[in-house]
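One structure is given below, encoded as structure tokens.
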Amino acid sequence: MDFKLKIWRQEQAAVSGKMMAYTVKDISPDMSFLEMLDQLNENLILSGQNPISFDSDCREGICGQCGLFINGRAHGPRGHTSTCQLHMRSFQDGETIYIEPFRAGPFPIKKT
Amino acid sequence: MYFSTDSKQIPKAKVPQGDLRDKWSNFKDQAKLISPNNRNKYHVIIVGTGLSGASAAASLAELGYNVSVFCFQDSPRRAHSVAAQGGVNAMKNYKNDGDSVHRMFYDTLKGGDFRAREANVYRLAECSASLIDQAVAQGVPFAREYSGYLSNRSFGGVQVSRTFYARGQTGQQLLLGAYQAMMRQVKAKKVTSYTRHEMLDLVLINGVAKGIIARNLDTGEITRHTANAVVLATGGFGKIYYLSTLAMGCNGSAIWRAHKKGAWTACPSWTQIHPTCLPQSGSYQSKLTLMSESLRNDGRIWVPLKKNEDRKAVDIPEEERDYYLERRYPSFGNLAPRDIASRAAKERIDAGHGVGSLKNAVYLDFKDALAKQGKAAIAKKYGNLFDMYEKITGINAYKEPMKISPAAHFSMGGLWVDYELSTNIPGLFSIGESNFSDHGANRLGANSLLQACVDGYYILPQTLPHYLAQSGKPETINSDDPAFLESELQVKQQLENFGKINGHKTVDYFHRELGKILYDKCGLTRTEKGLTLAIEAIKNLRDSFYKDLKIPMKTDGINEELEKAGRVADYLEIGELMCIDALSREESCGAHFRMEHQTNDGEAIRNDEEFNFISCWQKSDKAPVLIKEVLNFEFTKPTERSYK
């Protein structure tokens, strides 16, 4: 699967951010959403760009550390699913996906 | 030679005198105390806020000591204890099925293949009963029977039901209890919590642990922290295999940096490969999710009799299924211990009977249990696990069997500790999974939550004050001491050097390569030849890491790649020691299975005459030095570990 990503990039809390466009290719439907971002980050690092910062730890839906605002909804399109448990099979091939940080007091933006 | 042996050094295990049943009481009766009005003069650092760290922090603060806790997560309650599913063992004998302290002690010792200290294991069983009462008092919602009594289920390697559980989220519930107890002390200003901080070095003054160097992961600031004692509660390092059941941030850096300052590492190659995890589905994968062992209470494990079977599981008739655990181990069946169940799965998969798209899995089938007990009963026991399985795989396990596969899970090995949970460095303690103590060469299911809690709630709060009382008047430690300055400088230089390499490969590349080497050569089965090849391969990979690593340069502010680089640099050293440890032990015991040492039907051959010891590894500028702690079995007789 291929996707167009629009990702909110912000270097620190004190500076302003903006949406940036990226593309990812050859994504398996069994990949988790965060693994898709891992793959994008590998490419960004190798080409000397700043990787996207996002929190995650257990990656099995219990620790509560991950959390992205995906297509205007916390943790994406499925209910009762943390971002790490969301898989790419929940999206359409070729779709544009909007990814932003939570805009909530308990989850302040540090870097994206 | 890859290592040398020092037979002159004899580790002091400090096991108290007396009968097995009296040892822990004897220790407590004779331990030196610090009076309540003096406890405020001592400061203790605890690194890690999982069950062992949080319970120790809460307990020491309650006693009156000042505590600082450190965790890399944004909240202490995210520590990976949160992910433990199935349960916690205790010998309450609520099921009236003949359980006792002695039976639990013996099950655990035998489960570990007689490669642990008798007195430690006995104490674990002895303290288990109080833990359940304490957790209930904290409000941990253990499952209950209709009558209101606490419910139990059975785990691998035992023939009684002694596992207490809160659905498939026992670790989370226990951690919330410990976390709340700790946060109460944070509010009372007895505990200072440093979140998003990672320990990067241990500081010794005159050979005694006096503090740590930490990095603030948000700002990049390097800070010095002093203490009268340092406790490492940093969990296991199974993430060294890259693909594992552990959280992304779990690492071995704190214990490895302590090792580099002189702390012995014991049996680092003893890794539990858990039999019931979700199989790998692609090279992009970052994590293998565990499915609780409790599923084996009702699920039956099988593979098709026919090699390279391409029919769907539901289309394969009963007589063409091989329930290999029931066949090989009739008395324990699907509840054979983890090492045995994992190896049996690997044996079938390697023989061509694996299932799934990569042929790397076996079936875990609930068909019979669903027919007998009904869907509602199964959903009540395992509902969240079935939901989790469906979320990840898209498959409904009420309708077709789960596909499972072994994955790296728990480190039995870790920092060597004596009976008082002290490492060989005075003032440095290690608790929970980060130490090597109670589980021997294989941990029984639901003993990990138990050990973490017992170490933190009951043992350390007795033994650490005993150390402080013996070490004289409380002293003020100066963070400008040359030892702190030197340590801080080294940490800063290492971080800057990672950025300067500016090569062509990411940290994850090196981590994945290391994981493959270790899983292949130092995983479920090991051979002399394989381990020798692995040692060379790891050395080459390490050279390449320092030549070809590419990470974003900056050391201030958030830089996850920099954090990972430090951890993988350590893994590249730990991995080599794991292989040397496995190479040096020419026997099969527990999770350590040397292909050269097995019976004709594939069972382990342990060698008590030559290897009845714990391998303690000391850092050296040349090859690592092996020091042996010989195990004395005064109260039991090591037998062949049979589950047939």
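Within region B:374-414, being surrounded by 15 or more Cβ atoms within 10 Å (Cβ to Cβ) and polar (S, T, N, Q) holds for B:ASN384, B:THR393, B:SER405, B:SER411. One residue is enough: does region B:325-338 have a residue meeting the conditions touching a helix residue (DSSP H, G or I) at 6+ places or on another chain (Cβ under 6 Å), under 30 Å from B:ALA13 (Cβ atoms) and open to solvent by less than 10 Å² (accessible area, probe 1.4 Å)? Yes - at least one qualifying residue is present in region B:325-338.
Within region B:264-322, the only residue that satisfies the criterion of being within 14 Å of chain A (Cβ to nearest Cβ) and within 30 Å of B:GLU629 (Cα to Cα) is B:HIS274. Restricting B:GLY249, B:GLY220 to those that are among the small types (Gly, Ala, Ser), within 14 Å of chain A (Cβ to nearest Cβ) and open to solvent by 10 Å² or more (accessible area, probe 1.4 Å) reduces the list to B:GLY220.
On the stretch given as region B:395-417, residues that are farther than 19 Å from B:TYR241 by Cβ and in contact with a strand residue (DSSP E or B) (Cβ under 9 Å, 6 or more places away or on another chain) total 9.
Would you say B:VAL136 is over 24 Å from B:HIS259 (Cα atoms) and not in a helix (DSSP H, G or I)? No.
Any idea which of B:GLY211, B:GLY177 is under 30 Å from B:ASP133 (Cα atoms), more than 14 Å from chain A (Cβ to nearest Cβ) and touching a helix residue (DSSP H, G or I) at 6+ places or on another chain (Cβ under 8 Å)?
Selected residue: B:GLY177, the only one of B:GLY211, B:GLY177 that is under 30 Å from B:ASP133 (Cα atoms), more than 14 Å from chain A (Cβ to nearest Cβ) and touching a helix residue (DSSP H, G or I) at 6+ places or on another chain (Cβ under 8 Å).
Rundown of residues vs (1) among the hydroxyl-bearing types (Ser, Thr, Tyr); (2) surrounded by fewer than 18 Cβ atoms within 10 Å (Cβ to Cβ); (3) without any contact (Cβ under 8 Å) to a residue 40 or more places away in the chain, yes/no style:
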residue	(1), (2), (3)
B:GLN30	no, yes, yes
B:HIS43	no, no, no
B:ILE46	no, no, no
B:THR49	yes, no, no
B:TYR65	yes, no, no
B:SER81	yes, no, no
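Those strands (runs of 3 or more DSSP E) of region B:390-473 in which at least 2 residues are hydroxyl-bearing (Ser, Thr, Tyr), considering only elements entirely within it, cover B:402-411.
Pairs please, first residue from region B:494-515 and within 9 Å of another protein chain (Cβ to nearest Cβ) and open to solvent by less than 10 Å² (accessible area, probe 1.4 Å), second anywhere and among the acidic types (Asp, Glu) and part of a helix (DSSP H, G or I), Cβ atoms under 8 Å, 6+ apart in sequence or on different chains. Hits for this filter: B:THR506/A:GLU42; B:THR506/B:GLU561; B:VAL507/B:GLU561. Residues in region A:70-112 that are touching a residue at least 24 places away in the same chain (Cβ under 8 Å), under 18 Å from A:GLU35 (Cβ atoms) and of a type in the set (Lys, Arg): 1 in all.
Checked against the criterion of being within 14 Å of chain A (Cβ to nearest Cβ), within 30 Å of B:ALA214 (Cβ to Cβ) and outside any loop (DSSP other than H, G, I, E, B), region B:543-554 has at least one qualifying residue. Has region B:313-321 got at least one residue that is among the charged types (D, E, K, R), over 16 Å from B:LEU364 (Cα atoms) and in a helix (DSSP H, G or I)? Scanning region B:313-321, I find at least one residue that is among the charged types (D, E, K, R), over 16 Å from B:LEU364 (Cα atoms) and in a helix (DSSP H, G or I), so the answer is yes.
For every residue, the table says whether it meets (1) surrounded by 24 or more Cβ atoms within 10 Å (Cβ to Cβ); (2) under 22 Å from the mean Cα position of the chain (by Cα).
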site	(1), (2)
B:VAL121	yes, yes
B:GLU126	no, yes
B:ILE132	no, yes
B:ALA137	no, no
B:PRO141	no, no
B:GLN159	no, no
B:GLN169	no, yes
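Scanning region B:55-78 for residues that are touching a Phe, Trp or Tyr at 6+ places or on another chain (Cβ under 7 Å) and within 14 Å of chain A (Cβ to nearest Cβ) gives B:PRO76, B:ARG77.
Can you pull out the residues in region B:95-107 that are in a helix (DSSP H, G or I), out of contact with any Gly (no Cβ under 7 Å at 6 or more places or on another chain) and open to solvent by 10 Å² or more (accessible area, probe 1.4 Å)? Residues satisfying the conditions are B:VAL101, B:HIS102, B:ARG103, B:TYR106.
Farther than 30 Å from B:LEU175 by Cβ, open to solvent by less than 10 Å² (accessible area, probe 1.4 Å) and touching a helix residue (DSSP H, G or I) at 6+ places or on another chain (Cβ under 7 Å) - does that describe any residue in region B:415-431? No, the conditions are met nowhere in region B:415-431. Against the numbered list (1) touching a helix residue (DSSP H, G or I) at 6+ places or on another chain (Cβ under 9 Å); (2) away from every other protein chain (no Cβ under 14 Å); (3) of a type in the set (Ser, Thr, Tyr), B:THR170 comes up short only at (2).
Residues checked against (1) in contact with a Cys (Cβ under 6 Å, 6 or more places away or on another chain); (2) more than 10 Å from chain B (Cβ to nearest Cβ); (3) closer than 20 Å to B:THR289 by Cα; (4) part of a helix (DSSP H, G or I):
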position: A:LEU40; (1), (2), (3), (4): no, yes, no, yes
position: A:ASN43; (1), (2), (3), (4): no, no, no, yes
position: A:PRO77; (1), (2), (3), (4): no, yes, no, no
position: A:ASP93; (1), (2), (3), (4): no, yes, no, no
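Among the residues of region B:296-324, those identified as within 25 Å of B:ARG162 (Cα to Cα) and either open to solvent by less than 40 Å² (accessible area, probe 1.4 Å) or of a type in the set (A, V, I, L, M, F, W, C) (or both) are B:ARG296, B:ASP298, B:GLY299, B:ILE301. Output the residues belonging to region A:79-91 that are surrounded by 14 or more Cβ atoms within 10 Å (Cβ to Cβ), assigned to a loop (DSSP other than H, G, I, E, B) and more than 8 Å from every other protein chain (Cβ to nearest Cβ). Correct list: A:SER82, A:LEU86, A:PHE91. Of A:ILE97, A:ILE70, all but one fail to be away from chain B (no Cβ under 11 Å), touching a Pro at 6+ places or on another chain (Cβ under 8 Å) and open to solvent by less than 50 Å² (accessible area, probe 1.4 Å); the exception is A:ILE70.
The values are calculated or read from the model by the stated rules, or taken from the named source; none is laboratory data. Model, not experiment: these values are computed from the prediction. Because the Cβ atoms are built from the backbone with ideal geometry, glycine has one as well, and the counts that use them run over all protein chains shown. Only protein heavy atoms, including side chains, enter the accessible area calculation; ligands, DNA and RNA are left aside. Shrake-Rupley method; radii C 1.70, N 1.55, O 1.52, S 1.80 Å.
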